[in-house]
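The values are calculated or read from the model by the stated rules, or taken from the named source; none is laboratory data. In this text, all values refer to a predicted model and were calculated from it rather than measured experimentally. Neighbour counts run over all protein chains shown; Cβ positions are idealised from the backbone, glycine included.
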Amino acid sequence: MRIAYIAVILFLVTLGSVVFNFTTPFHFDAIGSNWELIDITVYITFIVCGVAFVALGLLMAWWVYKFQYQEGKFAEYEPENAKLESQLTIITTIGVVVMLAPGLVAWNDYINPPSDAYELEVYSKQWNWMYRFPGADGIFGAAHNKYVDLDNPFGMKPGDPYGEDDILITDKTVKIPVDRPVKVLLRSQDVLHDFWVPAIRAKMDAVPGMVTYFWFEPIVERVYEVLCAELCGRNHFNMRGEMHVVSMNEYSTWLNDQVTWAGMQAGAVPLSPEAALGRDIANDAGCFACHSTDGTQRDTGPTWLDIWDGTVELDDGTTRVRDEAYIVKSILDPHAEIVLGYTTTMTTSELTDEELQSILDYMKGLKSAPAKQETTDENESENAEPSSEVDSTTIPGEDPSTN
Amino acid sequence: MATVEVPYQETVPLHHPKTWIGKYIFSQDHKIIAVQYGITAMAVGLVALILSEFMRLQIAFPEAGFMAFFTADHYYQAITMHGMIMVIYLLTAFLLGAFGNFCVPLMCGARDMVFPFVNMLSYWVYLLSVIILMISYFVPGGPTGAGWTLYPPQTITQGTPGVDWGIATMLISLAVFIVAFTMGGLNYITTILQARTRGLTLMRMPLTVWGIFIATFLGLIAFPALFVSAVMMLLDKFLKTSFFMPAIVSLGSKLEYSGGQPLLFQHLFWFFGHPEVYIVALPAFGVISDLISVHARKNIFGYRMMVWAIVAIGALSLIVWAHHMYVAGMHPSFGFFFATTTLIIAVPTALKVYNWILTLWRANIRITVPMLFALAFVLTFIVGGITGLFLGNVIIDIPLSDTYFVVAHFHMVMGVSPILAIFGGIYHWYPKLTGRMLNDTIGRIHFYFTFIGTYAIYFPMHYLGFIGVPRRYYETGISEFYPVAAHNLNKFITIAALIVGVSQILFIFNLVHSYFKGKKAPANPWGANSLEWCTPETPPRHGNWEDRLPTVHRWAYDFGVPGEEKDHIPQTVPRRKAS
Amino acid sequence: MTDTTLSTQESIFTSTARDWSSDMTTFKGVPWGKAMMWIFLLSDTFIFTCFLVGYMVMRMTVTEAWPVASEVFALTVWGVSVPLLLIAIMTFILITSSGTMAMAVNMGYQRRKWAVFWLMLATALLGASFVGMQCYEWSKLIIDEGIRPWGYAPDHDLGAPQFGSIFFMVTGFHGLHVSVGVIYLITVAIRVVRGKYDHTNFEIVEITGLYWHFVDLVWVFIFAFFYLW
């Protein structure tokens, strides 16, 4: 009898898969939240599916080996076997129920945040994360994308009293206290995003025009990397943030240092007309999607704060003085000289000489001040836009938080 | 019984084209149309394959000098085009356009499709849609880079490559494809329902025909949703309507949209998208059932169960779409319903797998090349199916969605599996189609490279998903969740992908070489029973049959019937007196 | 049940299932074209269903007020604003055309070719007048009411911008169906009198009728959802 190589291959592939599963280092990393129930459900599913996979794979290999072709032999004629088929149906159904039941229980927990959870809003835009806490009153002020402009990055509804004490964090880093359940509310300024920390297990899309949510309770003090898990354009892969799970003390101290919406409005520094024009042009061209102006380090592009003069290391290892010639070249031909640590997702801009000059004027003025950095770019101008329309993304503050 | 009824087809004379163009270019013969569909689909699939190799090279060697030209824009355009081409223009077109056209009339004992002209039109409109899609690469800005799911608002805002022209060509191409599919699909269904030959009851049809039948039905129900969403998105893009577009600020500019609902698109898209999985899977199920039965020389186990499983899967597939949207922000209560329906669908699917394997029991298995592909299909499909149980269970989907686990899962279940079924089917039917056998040795080498290679690509990829590597990342860099070992695994996967890609040259060479130099094929080289092997000529001529259509006396799976001389009895052989 | 009976007969099925799955044709005596038209209409139903579901989702999720149908679609006759007058006439015309179509089908089976011709032509004319009135309605909405596909003309804000978008899209798509139907009717009518279908049972008239009744039925839903809701 010829050796049926395929039987051997099927056997080895099945066995190899099992061996790989047990030897690979690639499994869920240590859980950082309360969602063990997810891990347990995965574990149950692994067992049920693993047994089925091994049984079916080995059976197939064995039978292919055993029942090879012999001239003149007839296969067994058995069109169907109702009893066997119903038994298999029942076994499969039991397996499915075993997997589904814990999953649905966990899902019920997942969609019902505990009543003592405090709220954190994640406001996403191409391509960075911003965060908002409801402030002392525990209630978020209304916000809507239609109010967004350079001086109102969160789209806070002008004149809403609940919004004045909201704490706004434009930096990519957020700190949250350990062992406290948090309900994360998600809003988006432009496209779909998805706030995700693998070790926390939980995630949800941010959808413009809607407020979505999920909740978790961090159980380990640790720094986590925040990823975007929903394709959001050419810089999707660079849309990173940081979530620090810290002690309650550290959290409170940090939160006290953050600026409120009222503070942001008050801390306005007027710009020269040329620089203001440059800022508008840069905004329209989408520059601020990747470049911060307040010193925040983003993976998408270098910050513009203190960009004038100084030196920079390029990705070919050389060092370059950041003079006007260098900056002009980088704007007009972004792929020519790339700063170390960045990739080339910047598109070539079509700018007139005047537009270019205004942007340069604006960039020249971006110097770090000794004062708080959070507000240096938020040059406030008059933004009185009284509006009493019903706001679709108003967040009801039905459960005042305790932070 | 209606034995006096004469099939309508016998009453109308068949017009045979005289010119070469009429025979081979603007042909109304279903077999030629099948070949046209197949060649076009394979050509466009080759483009998608090459795109995927570029993607893999980028993922594994982001820093390498030879990938310097490949920007993030290129990468996102490649994932979009790769996905769309593979799902729609290759798999759907091949399984329904090529196999559907070839198998349905032959296996039903019909002369041709009921409306051959519409059938021909279907191909030419399909070709048009492919051309429009390919034009994407030549318009300013290139093809769209929105991902094959085309989620708004991202699809039509400035942060995405190909937002000005690429998205238009993509959506128009899809709409045109749907027109082509509808013309073809109406033909398949009407042929199967109304143009079967004498004695061919529904429950005697080969499972291939059943799979194509239900898949086409699903297509006619599901594609309208895609059509509607494509129309609405085109209007959003060019007439500035706000169907899917809420008020947004895109890269610093306020757009004029307000009040639209991005989730509506996702619902419409997945109402198409999930049945689409089964549009691809069901014909593959059918083909595999036939291949296993024929080459194992044994009747398919539980034929009626297999038929009802196909019907049940088809029906259930219409009410599971939102399991693609567990993390999309829809109302969370939907999770309970869709998780339950999704896992219910696992039961008939599992039964099909059991029945394939049970068919092997006490069979008389000929390990031919088609059989190799069929066996590989079953194993691959098991992996893809059980990982589907992970993702279908709503709570497990939360950590795994949008990671490489999903990528690995759907490539296993609706990428590699249907491709293996297509290969198996080609090796199986090529002798009937061309009158020549494919080279066996090359076929086996091609098989082992393809099967082991694709398994090596996608099995480890699941585990990248467990550690949390998100999909659709142009570049990851060294992150805490992304250890160096994972980079090495990615390099391994890429090398496997390159080997699989290159090994497809063997297949194409085999197809071309054997067409001219292959061994002459006998009329029924595999000893199969279904009607396509009973044609008076090989390859079958235009019209397929003699003046009189064949008469069917039995099902297509009479293998190893006790007391018979041969181990197979074609469907046209009369029964002995029923005992 | 033994093994051999399974492969050879379907005695275990109920007689209905046996009829459906019997050989040659599933729908006995139904010509190919008619079966195909039914299946096409099934598919087309899903297109309109998706459009209408999209409309309902829009209606339910937009935050701005939806314009009041009876005001937007009012027609001023001799100085009196009559709500839904035009649309009532259009609906009446379309339903009447379904009646003439049904008579044409009947005449077809009696092989009265000229009667079929005139009745189908009448149907086509009614359909064409429907499309004409729809053009009038559109121009009225666009010029007088300032409704645009993307929202409203300046100074004409009636509320949700989706109103115009979805209205023009769905009625436009339906109007396209009616227009195609008119061409289809005329083509078939001419071919009937030319004797192109003499060798058949004139099923083609019924097939055309199926399409026409479908378009009519869809209109009833559009009417209900857009004008009465």
(message) If I ask for residues that are over 20 Å from the mean Cα position of the chain (by Cα) and over 18 Å from B:A215 (Cα atoms), which ones from region B:107-130 would you list?
(response) B:G109, B:A110, B:R111, B:D112, B:V114, B:F115, B:P116, B:F117, B:V118, B:M120, B:L121
(request) For region A:130-144, state whether one or more residues are within 11 Å of another protein chain (Cβ to nearest Cβ) and aliphatic (A, V, I, L, M). (result) no
(message) Can you report the number of residues in region B:232-255 which are in contact (Cβ under 8 Å) with a residue 12 or more places away in the chain and more than 7 Å from every other protein chain (Cβ to nearest Cβ)?
(response) 8
(message) I want to confirm something. Restricting to region A:169-185 and keeping residues that are within 19 Å of A:D109 (Cβ to Cβ) and of a type outside the set (K, R), which single residue is farthest from the other protein chains (Cβ to nearest Cβ)?
(response) A:D179
(request) For residues that are more than 30 Å from the chain's Cα centre (by Cα), surrounded by fewer than 23 Cβ atoms within 10 Å (Cβ to Cβ) and assigned to a loop (DSSP other than H, G, I, E, B), tally how many sit in region B:551-569. (result) 9
(request) Run A:H291 past the list (1) under 20 Å from the mean Cα position of the chain (by Cα); (2) away from every other protein chain (no Cβ under 14 Å); (3) closer than 27 Å to B:A72 by Cβ and report the number of the one that doesn't hold. (result) (2)
(request) Enumerate the pairs (first residue in region B:71-95 and within 9 Å of chain A (Cβ to nearest Cβ); second residue anywhere and surrounded by fewer than 24 Cβ atoms within 10 Å (Cβ to Cβ) and in a helix (DSSP H, G or I)) with beta-carbon separation below 6 Å, excluding pairs fewer than 6 apart on the same chain, so at least 6 apart or on different chains. (result) B:Y75/B:Q58
(request) Identify all residues within region B:186-203 that are at the interface with another protein chain (Cβ under 8 Å from one of its Cβ atoms) and either within 15 Å of the chain's Cα centre (by Cα) or in a helix (DSSP H, G or I) (or both); write none if there are none. (result) B:L186, B:N187, B:I189, B:T190, B:L193, B:Q194, B:L202, B:M203
(request) Hey, can you tell me all the residues within region A:348-390 that are modelled with pLDDT of 75 or more, closer than 20 Å to B:Q158 by Cβ and in a loop (DSSP other than H, G, I, E, B)? (result) A:E350, A:L351, A:T352
(request) Could you tell me whether B:T342 is without any contact (Cβ under 8 Å) to a residue 60 or more places away in the chain, more than 7 Å from every other protein chain (Cβ to nearest Cβ), surrounded by 24 or more Cβ atoms within 10 Å (Cβ to Cβ) and among the polar types (S, T, N, Q)? (result) yes
(message) Against the condition in a loop (DSSP other than H, G, I, E, B) and either touching a helix residue (DSSP H, G or I) at 6+ places or on another chain (Cβ under 9 Å) or away from chain B (no Cβ under 14 Å) (or both), how does A:R234 come out, does it pass?
(response) yes
(message) With the requirement that a residue be part of a strand (DSSP E or B), under 20 Å from A:C232 (Cα atoms) and of a type in the set (A, V, I, L, M), what does region A:118-175 give you?
(response) A:V122, A:M130
(request) Mind checking which helices (runs of 4 or more DSSP H) fall wholly inside region B:349-461 and carry at least 1 residues that are closer than 29 Å to B:N510 by Cα and either more than 8 Å from chain A (Cβ to nearest Cβ) or modelled with pLDDT under 95 (or both)? (result) B:369-392, B:404-411, B:417-434
(message) Please go through (1) more than 8 Å from every other protein chain (Cβ to nearest Cβ); (2) part of a helix (DSSP H, G or I); (3) out of contact with any helix residue (DSSP H, G or I) (no Cβ under 7 Å at 6 or more places or on another chain) for C:T49 and return the number of the only condition it doesn't satisfy.
(response) (1)
(message) Among the numbered criteria (1) at the interface with chain B (Cβ under 7 Å from one of its Cβ atoms); (2) free of Cβ contacts under 8 Å to residues at least 24 places away in the same chain; (3) of a type in the set (A, V, I, L, M), which one does A:I90 miss?
(response) (1)
(request) Return the residue satisfying two criteria in turn: it lies in region A:66-87 and is outside any loop (DSSP other than H, G, I, E, B) and either facing another protein chain (nearest Cβ under 8 Å) or buried (at least 19 other Cβ atoms within 10 Å of the Cβ) (or both), and of such residues it is nearest to the chain's Cα centre (by Cα). (result) A:E85
(request) Hey, can you tell me all the residues within region A:116-138 that are crowded, with 21+ Cβ neighbours inside 10 Å and either touching a helix residue (DSSP H, G or I) at 6+ places or on another chain (Cβ under 7 Å) or hydroxyl-bearing (S, T, Y) (or both)? (result) A:Y123, A:S124, A:Q126, A:W127, A:Y131, A:F133
(request) Could you tell me which numbered condition A:R234 fails, if it satisfies all but one of (1) touching a residue at least 40 places away in the same chain (Cβ under 8 Å); (2) buried (at least 23 other Cβ atoms within 10 Å of the Cβ); (3) out of contact with any Lys or Arg (no Cβ under 9 Å at 6 or more places or on another chain); (4) closer than 19 Å to B:T403 by Cβ? (result) (4)
(request) Check C:F27 against each of (1) of a type in the set (F, W, Y); (2) closer than 30 Å to B:P7 by Cβ; (3) facing chain B (nearest Cβ under 7 Å); (4) in a helix (DSSP H, G or I) and name the one condition it does not meet. (result) (4)
(message) Can you tell me which of (1) buried (at least 18 other Cβ atoms within 10 Å of the Cβ); (2) at pLDDT 90 or above; (3) closer than 19 Å to B:Y458 by Cα is the one A:L12 doesn't meet?
(response) (1)
(request) Determine the pairs where a residue that is surrounded by fewer than 17 Cβ atoms within 10 Å (Cβ to Cβ), located within region C:52-80, has a partner that is part of a helix (DSSP H, G or I) with Cβ atoms under 7 Å apart, the partner being 6 or more residues away or on another chain. (result) C:W66/C:R59; C:W66/C:F163; C:V77/C:L85
